Amino acid sequence: MENQTKHKRRIHYSGTHPKSYKEKYKELQPEKYGDTIEKVISKGSTPAGMHISICVKEILDFLQIKPGQIGLDATLGYGGHTREMLQCLNGEGHIYGLDVDPIESAKTKERLKNLGFGEEILTVKLENFANIDKVAEEAGMKFNFVLADLGVSSMQIDNPDRGFSYKVEGPLDLRMNPQKGDSAAERLRQVTREELVGMLVENSDEPYAEEIAKEIKNKQRTGNAVETTVDLRNCIENALRFLPASERKEMVKKSCARTFQALRIDVNSEFEVLYAFLEKLPDVLAPGGRAVILTFHSGEDRLVKKSFKALKKAGIYESISEEIIRPSAEECRRNSRARSTKMRWAVKAR
């Protein structure tokens, strides 16, 4: 009797629409359910397990990629920007794509390979973008164009197992590479109350840093660990109970977003990594090479702006964007996660 593939039944869920990440089986298979993906995007949402690239037109218009050039996508992610840049090469040249996330970078490499972008034109490296000098040295050449998108990929935000979102329960992790370093839960155990206040203020300008730090440390002192995203959210809700009921819900939401951001920045040493990247960037660019950076909060944008201005004054960059470039209103309507995006560019002196 011939072997037959056993039919796998779809995931069942209560109600008319899937709610949890794993129930959204259609969204998690974009190549199979294109109509569902388009419906989700048209409503201004990002399908589960996907990431919608931001400012694609603006980036390509500036980079002016030509066949035969060598480029670097310092933050590969879902590979949307990389795919568009690869298409500009028209089969001639090469792009290096970097990512510290071993889970998502492997998926992206396979996805792009299936689209026809194999190792002859694309090299994917499990590497932090602070090490772009090392990548350029291994490549044996400087880059005609460099892109760094500093946002967290939607695949990481949406997957509760990664612990990036306060909206769903999961382990309080927040590491870009879950195989290295301390998780956010471990960091909360390690830091003092004063250090936690400083982290919240410096990394996200949290106005209720004192109250939130006090609540977290009081909870830990009584033997109750802050191990999950919900544990942390509950701490923030308790810390802000003194606020008037009419404004408490909105303030808790904003403080949750800021607190998770501050922890993510700390856990992944994001400012230190960005400092290193900005310092090394001119040395990996070819004369006349172009660089674009997308940032998503004021701390990042300040660092990029300061670096670009100082290096232009020193004659290292021949021109920089004087003003922030933002996504169009239509793009923000289709992708709500684009709203906080700030784009800046620089051109290496010839």
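The values are calculated or read from the model by the stated rules, or taken from the named source; none is laboratory data. Remember, it's a predicted structure, so these values are computed and weren't measured experimentally. Because the Cβ atoms are built from the backbone with ideal geometry, glycine has one as well, and the counts that use them run over all protein chains shown. Surface accessibility is based on the protein's heavy atoms, side chains included, excluding ligands, DNA and RNA. Shrake-Rupley method; radii C 1.70, N 1.55, O 1.52, S 1.80 Å.
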Worksheet item: Any idea of R302's accessible area? Nearest 10 Å², probe 1.4 Å.
Response: 140 Å²
Practice prompt. Using only alpha carbon pairs under 8 Å that are at least six residues apart, calculate the relative contact order of region 140-204 and give it in whole percent.
Written response: 14 percent
Item to complete: Subtracting the Cα-Cα distance from 0.36 nm times the residue separation, let me have the gained length for A245 to I316 in nm, one decimal.
Response: 20.2 nm
Worksheet item: Under a Cβ-Cβ cut-off of 12 Å, what is the net charge of the residues other than F260 that fall near it, where Lys and Arg count +1 and Asp and Glu count -1?
Response: +4
Response to the item:
The farthest towards the positive end of the charge dipole of region 200-350, of the residues L278, A213, S328, given +1 on Cβ of Lys and Arg and -1 on Cβ of Asp and Glu, is S328
Fill in: Charge tally in the Cβ shell below 13 Å around V152, where Lys, Arg are +1 and Asp, Glu are -1, V152 excluded
-4
Fill in: Length-normalised contact order for region 174-244 - Cα pairs under 8 Å, 6+ apart - percent
26 percent
Response to the item:
By the C-alpha gyration tensor axes a ≥ b ≥ c (rounded if a/c is under 1.5, else prolate when a/b exceeds b/c, else oblate), the shape of region 83-137 is oblate
Practice prompt. Just need log10 I(q)/I(0) for region 233-272 at q = 0.16, 0.33 Å⁻¹, Debye formula, equal scatterers on the alpha-carbon atoms, no solvent, rounded to two decimals.
Written response: -0.45, -1.05
Worksheet item: Running Debye on region 233-350 with equal point scatterers at the Cα sites and no solvent, what base-10 log of I(q)/I(0) appears at q = 0.16, 0.21 Å⁻¹?
Response: -0.87, -1.15
